[in-house]
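The values are calculated or read from the model by the stated rules, or taken from the named source; none is laboratory data. Predicted model only: the values in this text are computed from it and were never measured. No Cβ is skipped: glycine too gets one built from the backbone with ideal geometry, and neighbour counts run over all protein chains shown.
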Amino acid sequence: DGGRVRTRIHKKKVRKTKKNRHRFKTKWREPRILVIDILSEDGSCDSLKLPLYDVMIEDADTVFYMMIGYMRLLGAKHAESIEFISDGAEWIWDRVNLLVTEAEISESKLFLVLDYYHACEHMNEALDLCENLSKKERSKKYKELKNKLKNNLDGIDEVIIDLKEMVTKKRKEEMEKLLEYFEKHKNHMKYALFLEKKISIGSGVVESAVRRVINLRFKGNGSLWKDKIVEGLMHLRSFFKAGRWRDLILRVITGKFNIPGFGQQGQAT
């Protein structure tokens, strides 16, 4: 997932201010964070295991190659099963096949999941286009569709059919754009099947990492950072928040990059 930081870039070949200061422009950037965690038998993140966080302000390809490196290093292809979960951002889903191929992950053990709550947000947007429904009726229909999407094996197909039937001609074109989103991610929205197989359907662990590592410390209109400085600080903070500070210090002292372990919370790995 991605967060937001505001960066400061000096303007070159531009006259300085009256106080002899460099002029600069500010630009919002999207630091991209990845989270690797161990799931327990019930599909939730194992609270006794340390997660792994890392973050970069780079293009999407570079971030995915970093993820590929971690997956290969950890021997992910030997895992019993692997879940990839995210929101619907195109920069993420357009590169999933690259991750699967380069990390040598078998499709038979891979579950690709679109975050259920992001799917519900898009469903709510679609219902807002149904002007023939009152606010109360839309609220009732939203709860009904949420239940179908989550608990019915063909839930996503039922949701698409219902939305097509409810939209007015006036908003049909807008609805079709939203339905394209559901059609594109059909196979990533089989939530009843995922729940049956004890696969998590919410990306809360990633959303939490974005908030704790990036937004709470580095995001703010009055906070201006240089790219490389803030990227380094976020990298340090990601290790600290994941409980891996000792690992990082040992790496600096020894000059060796050890394979990250997933020991118990509060213990060195």
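Summed over the stretch 244-261, the residues that are surrounded by fewer than 16 Cβ atoms within 10 Å (Cβ to Cβ) and assigned to a loop (DSSP other than H, G, I, E, B) give a count of 6. You will find that of E144, E131, E174, the residue that is touching a Lys or Arg at 6+ places or on another chain (Cβ under 7 Å) and either assigned by TED's automatic domain parsing to the domain that holds A60 or surrounded by fewer than 18 Cβ atoms within 10 Å (Cβ to Cβ) (or both) is E131 and no other. The set of residues in the stretch 160-173 being over 17 Å from C120 (Cβ atoms) and at pLDDT 90 or above consists of I161 alone. Inclusion of K219 among residues that are surrounded by 15 or more Cβ atoms within 10 Å (Cβ to Cβ) and not β-branched (V, I, T) is warranted. Taken together, K241, K190, K198 contain a single residue that is under 26 Å from I82 (Cα atoms), surrounded by 13 or more Cβ atoms within 10 Å (Cβ to Cβ) and touching a Gly at 6+ places or on another chain (Cβ under 6 Å), which is K198. Scanning the stretch 1-12 for residues that are in a loop (DSSP other than H, G, I, E, B) and in contact (Cβ under 8 Å) with a residue 60 or more places away in the chain yields D1, G3, R4. Go through the stretch 198-224 and give me each residue that's among the charged types (D, E, K, R) and outside any loop (DSSP other than H, G, I, E, B). Once the filter is applied, which keeps residues that are among the charged types (D, E, K, R) and outside any loop (DSSP other than H, G, I, E, B), the stretch 198-224 yields E207, R211, R212, R217.
For a quick check of your reading of the model, give me the residue pairs whose first member lies in the stretch 205-227 and is without any contact (Cβ under 8 Å) to a residue 12 or more places away in the chain and within 16 Å of R32 (Cα to Cα), whose second is outside any loop (DSSP other than H, G, I, E, B) and among the polar types (S, T, N, Q), with beta-carbon atoms closer than 6 Å and at least 6 apart or on different chains. From the stretch 205-227, no pairs qualify.
Of all residues in the stretch 13-55, exactly one satisfies the criterion of being over 30 Å from F262 (Cβ atoms), basic (K, R) and touching a residue at least 60 places away in the same chain (Cβ under 8 Å), namely R29. Where helices (runs of 4 or more DSSP H) fall entirely within the stretch 13-115, those with at least 2 residues that are crowded, with 18+ Cβ neighbours inside 10 Å are at 60-73, 96-102. Screening N215 with (1) within 30 Å of V5 (Cα to Cα); (2) out of contact with any Asp or Glu (no Cβ under 9 Å at 6 or more places or on another chain); (3) not assigned by TED's automatic domain parsing to the domain that holds R32 gives one miss only, at (3).
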